[in-house]
Amino acid sequence: MEKRKMSVLVVVILGVLTLGFFSMSAPQALAKDVMPVGFSMSLTGKYAPGAAGQMQAYQLWLDVVNQNGGIYVKKYGKKLPVKFVYYDDKSSADTAVRVYEKLITKDKVDVLLSPYGTSIHFAVAPLAERYKVPIVGSTAASVKLRDIKSRYFWFITSCVPDRQMKALVDLLKYLNIKNIAIIYAQELFPRENLQFLDPYVKKAGFNVVLKKDYPMGAKDLTTLLSEVKGKKPHAVIALCYPAGAFTITTQAQEVGLNPDFLFELVGPAVVVFGPKFGAATEGIATMGHWSPKGKWPGAKEFYDRYVAKFKRKPDYLNSVLSYTECQIVQQAIEAVGSFDREKLRNYIANHEFETINGPIKFAGLENTKTPSMILQWQKGELEIIWPKETATAKPLYPKPPWPK
């Protein structure tokens, strides 16, 4: 009898202990107070001017999310505030690769955001497949991104060279432009745009009075720009990066090059371009597909918050792409309810997202919902001037003379 009582007591004690173990271990296993989000950024080096708008967009998203208590994650039954874990990749693809491997294997962040620029996106994209970590690319645009063999990587922009250059040539035809000059930087993205611009220009029947390259990082383009001026083109197409756009805008004024239409590929939409050049921006066109005047939920709110925080206008390309990326990641986490990488991958690949740049859905790696557009500086604002369906203003043509 005593033996039987002892056995019952042991079973009861074990049951209590087991129940206690599970009741304590479950909350402990799910205990989580913050969501680490990792990325590298070109805070220094040749890409730093363009990366500024991306970094600021990330910071704004961080503020907005945390001011609302964080992102609700069903697995933990609460909102988790976001904490950034990031490092300067110094505009180096090799450094960025090491950073992302550290974020994944050592820092063990919950999710990743993308780095700056096409070349660095190319470098880190294979890591998404290797570690099966979803990454939504932002400031990258290349037809070659379509060749990346990854189920875990996507890119948002519609400024893909084949689509972008077709939109530009369609605008030039609409403006009835005849003679054009093309100058381009010896770098991946400008050359790739040229690859598609050439056949579109030929098919449209434009007279190309000059086509010439210049080295990336060149500080003095006055000789080249003087040569362009001598050809008297109606339109100048400068396939450049931000540093080149700054140099061309400055030195075109110095040599008196003032075409009826001036297009600078990347640069006029960056954060500091407008404040730097003021009235001289009038009529300069660039690539991009956003305006706070666009009929997209949250577009104007994003603009107002950005200006309030940074005391300057956002980069209409890089800032918008980066904030849109964050919105997609956030919506995926909220829908999946956890940081399960495979579930996040499947959700991103198969669902449509509402963003400040309108609806976005991926076909393979590419966003096929957003059309390519052309922006133009008008009265201190960047306006969408092409295509007509999304335009916020009519094209300003001819471009006015440089201010005295």
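The values are calculated or read from the model by the stated rules, or taken from the named source; none is laboratory data. What you see is a predicted model, and the numbers here were worked out from it, not measured in a lab. Cβ sites come from the backbone with ideal geometry, for glycine too, and all protein chains shown count toward neighbours.
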Considering only the range 263-297, how many residues are under 18 Å from the mean Cα position of the chain (by Cα) and either farther than 26 Å from Arg163 by Cα or among the hydrophobic types (A, V, I, L, M, F, W, C) (or both)?
10
Hey, can you tell me all the residues within the range 340-365 that are surrounded by fewer than 19 Cβ atoms within 10 Å (Cβ to Cβ) and in contact (Cβ under 8 Å) with a residue 60 or more places away in the chain?
Arg341, Glu342, Ala349, Gly364
Selection count where residues are under 23 Å from the mean Cα position of the chain (by Cα) and buried (at least 23 other Cβ atoms within 10 Å of the Cβ), scope the range 169-185:
1
Given (1) part of a helix (DSSP H, G or I); (2) more than 30 Å from Pro387 (Cβ to Cβ), Leu168 misses just (2)
Just to be sure, is Ile135 touching a residue at least 40 places away in the same chain (Cβ under 8 Å), aliphatic (A, V, I, L, M) and touching a strand residue (DSSP E or B) at 6+ places or on another chain (Cβ under 6 Å)?
no
Suppose we filter the range 116-137 for residues that are modelled with pLDDT of 95 or more, under 21 Å from Thr370 (Cβ atoms) and assigned to a loop (DSSP other than H, G, I, E, B); how many remain?
2
Can you name every residue in the range 115-132 that is touching a residue at least 60 places away in the same chain (Cβ under 8 Å), surrounded by 18 or more Cβ atoms within 10 Å (Cβ to Cβ) and either closer than 18 Å to Tyr347 by Cα or among the aromatic types (Phe, Trp, Tyr) (or both)?
Tyr116
Considering only the range 253-301, state which residues are out of contact with any Gly (no Cβ under 8 Å at 6 or more places or on another chain), without any contact (Cβ under 8 Å) to a residue 60 or more places away in the chain and among the hydrophobic types (A, V, I, L, M, F, W, C).
Val255, Leu257, Phe277, Ala299
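Quick grid of which residues meet (1) modelled with pLDDT of 95 or more; (2) assigned to a strand (DSSP E or B); (3) outside the structural domain of Arg341 (by TED's automatic domain parsing); (4) surrounded by 21 or more Cβ atoms within 10 Å (Cβ to Cβ):
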| position | (1), (2), (3), (4) |
| --- | --- |
| Gln56 | yes, no, no, yes |
| Lys83 | yes, yes, no, no |
| Asp94 | yes, no, no, no |
| Leu103 | yes, no, no, yes |
Condition (residue is closer than 20 Å to Val143 by Cα and either among the small types (Gly, Ala, Ser) or not in a helix (DSSP H, G or I) (or both)) applied to the range 342-350: is it met by at least one residue?
yes
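Yes/no per residue for (1) touching a Gly at 6+ places or on another chain (Cβ under 9 Å); (2) in a helix (DSSP H, G or I); (3) buried (at least 16 other Cβ atoms within 10 Å of the Cβ):
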residue: Pro199; (1), (2), (3): no, yes, no
residue: Lys202; (1), (2), (3): no, yes, no
residue: Val208; (1), (2), (3): no, no, yes
residue: Asp213; (1), (2), (3): no, no, yes
residue: Met216; (1), (2), (3): yes, no, no
residue: Lys219; (1), (2), (3): no, no, no
residue: Leu224; (1), (2), (3): no, yes, yes
residue: Lys229; (1), (2), (3): yes, yes, yes
residue: Val236; (1), (2), (3): no, no, yes
Near pairs, Cβ below 8 angstrom, 6+ apart or cross-chain, from the range 76-94 (within 16 Å of Phe39 (Cβ to Cβ)) to any residue that is of a type in the set (A, V, I, L, M) and surrounded by fewer than 16 Cβ atoms within 10 Å (Cβ to Cβ):
Val82/Val34; Lys83/Val34
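For every residue, the table says whether it meets (1) outside the structural domain of Gly117 (by TED's automatic domain parsing); (2) over 18 Å from the mean Cα position of the chain (by Cα); (3) modelled with pLDDT under 95.
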site: Tyr303; (1), (2), (3): no, no, no
site: Val307; (1), (2), (3): no, yes, no
site: Pro314; (1), (2), (3): no, no, yes
site: Asn318; (1), (2), (3): no, no, yes
site: Ile328; (1), (2), (3): no, no, no
site: Ala335; (1), (2), (3): no, yes, no
site: Ile348; (1), (2), (3): no, no, no
site: Thr355; (1), (2), (3): no, no, no
site: Gln378; (1), (2), (3): yes, yes, no
Name every residue in the range 292-321 that is assigned to a loop (DSSP other than H, G, I, E, B) and within 18 Å of Gly50 (Cα to Cα), in order of residue number.
Lys311, Arg312, Lys313, Pro314, Asp315, Tyr316, Leu317
Per the filter on the range 171-197, residues touching a Lys or Arg at 6+ places or on another chain (Cβ under 7 Å) and either in a helix (DSSP H, G or I) or within 29 Å of Val124 (Cα to Cα) (or both) are Tyr184
